[in-house]
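One structure below.
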2 protein chains.
Amino acid sequence: MRDMSDSAPPLARVASRSDAEAIGKLLHDFNKEFGEPAPQPAVLANRIDRLLQDKDTTVVLVGDGPDGLAALRFRLAIWSEGLECYLAELYVVPDRRGQGLGRVLMEGALSVARERGADTMNIEVDEPDMAARQLYESLGFSNREGGDGPVMYVYERNL
Amino acid sequence: MRDMSDSAPPLARVASRSDAEAIGKLLHDFNKEFGEPAPQPAVLANRIDRLLQDKDTTVVLVGDGPDGLAALRFRLAIWSEGLECYLAELYVVPDRRGQGLGRVLMEGALSVARERGADTMNIEVDEPDMAARQLYESLGFSNREGGDGPVMYVYERNL
């Protein structure tokens, strides 16, 4: 008889500073996979440690590796008394994809954001990244203003 | 003979806490014009005063009214040693539009962001807002990843 616990998806948990090294490695692997310039894992770990101390960043982890992360940034909103939350990064290691870990991370992220008093969560997504877009849409996110208004673009430049 | 100073566009300046009341009024008028729920000017002024104290916000003003503002938010970047800058609001009062004040504000904003050590500036723009999009594009912003990659969307939800 199959043990049900083997098939249950792992729970998301909030990272502490002691996870900074593991987070640095995940972020490094993330950027390397997508061909972006990736600082060394130890450099990223130091930066994450500082961000976690500043309290404006929360990282949600999943799996024993850990096998994935969601990085959230918070700041005071202009238009409300609450916080605004930005999902800066969402990553699952290649050999654990297709097992629902992204959804577990996102549900954990939404829960953390509500607990911290955020009113909104924003994400930037490239048009061809359909797996991510479908996940976000299934969780109630929209790339249309107010859910049914005009499409919202990100404009960006280097300084 | 025409005095050249009459036709020169006004200079942008960085707001101080003593401008919080004027900024609250501009933000209130901004949201009211676009039919969004707008907290009272005094509420917005208090919030701006707090944001200016927290140092993560810089407001650039233009004109004697003042007649326009650019609100910038800063935070430590994850992928670099610098800051990332987000242009949260750009507004020019209705009767001063078409006189280049938006461009003066944006040039001031880019200058402030560089001075503060930001590597990037991001903006969220609705697809039909062609005046803003053309202004941002003329200043080197793109809604394509890296300038010529895939289109970048904002996804958002309330919590």
| task | Considering only residues that are at the interface with chain B (Cβ under 8 Å from one of its Cβ atoms) and modelled with pLDDT of 95 or more, look in segment A:79-89 and name the one that is surrounded by the most Cβ atoms within 10 Å (Cβ to Cβ). | result | A:C85
| request: Tell me, yes or no, whether segment A:108-127 has at least one residue that is polar (S, T, N, Q), crowded, with 17+ Cβ neighbours inside 10 Å and facing another protein chain (nearest Cβ under 9 Å). | output: yes
| remark: Picked from segment A:55-80 (must be hydrophobic (A, V, I, L, M, F, W, C) and more than 13 Å from the chain's Cα centre (by Cα)), the residue nearest to B:L76 (Cα to Cα) is A:L76
| said: Taking the criterion of being exposed (fewer than 14 other Cβ atoms within 10 Å of the Cβ) and either at pLDDT below 95 or not assigned by TED's automatic domain parsing to the domain that holds A:S111 (or both), would at least one residue in segment A:12-30 satisfy it? | reply: no
| task | Identify, from the list B:L76, B:L61, the residue that is crowded, with 20+ Cβ neighbours inside 10 Å and either of a type in the set (A, V, I, L, M) or closer than 16 Å to A:N158 by Cβ (or both). | result | B:L61
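From A:E81, A:E156, A:E137, A:E115, which residue is acidic (D, E) and touching a strand residue (DSSP E or B) at 6+ places or on another chain (Cβ under 7 Å)? Can you show your working first?
Working: A:E81 fails: touching a strand residue (DSSP E or B) at 6+ places or on another chain (Cβ under 7 Å); A:E137 fails: touching a strand residue (DSSP E or B) at 6+ places or on another chain (Cβ under 7 Å); A:E115 fails: touching a strand residue (DSSP E or B) at 6+ places or on another chain (Cβ under 7 Å).
Step by step, each of A:E81, A:E156, A:E137, A:E115 is checked, and only A:E156 is acidic (D, E) and touching a strand residue (DSSP E or B) at 6+ places or on another chain (Cβ under 7 Å).
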| field | Hits in segment A:140-151 (condition: surrounded by fewer than 17 Cβ atoms within 10 Å (Cβ to Cβ) and either under 23 Å from A:L61 (Cα atoms) or among the aromatic types (F, W, Y) (or both)) | value | A:G140
| note | Filtering segment B:133-145 down to residues that are at the interface with chain A (Cβ under 9 Å from one of its Cβ atoms) and in a helix (DSSP H, G or I) yields B:R133, B:Y136, B:E137, B:E145
| remark: For segment B:105-130, the count of residues that are in contact (Cβ under 8 Å) with a residue 12 or more places away in the chain and either part of a strand (DSSP E or B) or not assigned by TED's automatic domain parsing to the domain that holds B:L87 (or both) equals 8
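From the list B:Y86, B:Y153, B:Y136, which residue is aromatic (F, W, Y) and assigned by TED's automatic domain parsing to the domain that holds B:L27?
None of the other options fit; the residue is B:Y86.
The values are calculated or read from the model by the stated rules, or taken from the named source; none is laboratory data. Here the structure is a predicted model, which is why all the values come from computation and not from measurement. Positions of Cβ are generated from backbone atoms using ideal geometry, with glycine treated the same way; all protein chains shown enter the neighbour counts.
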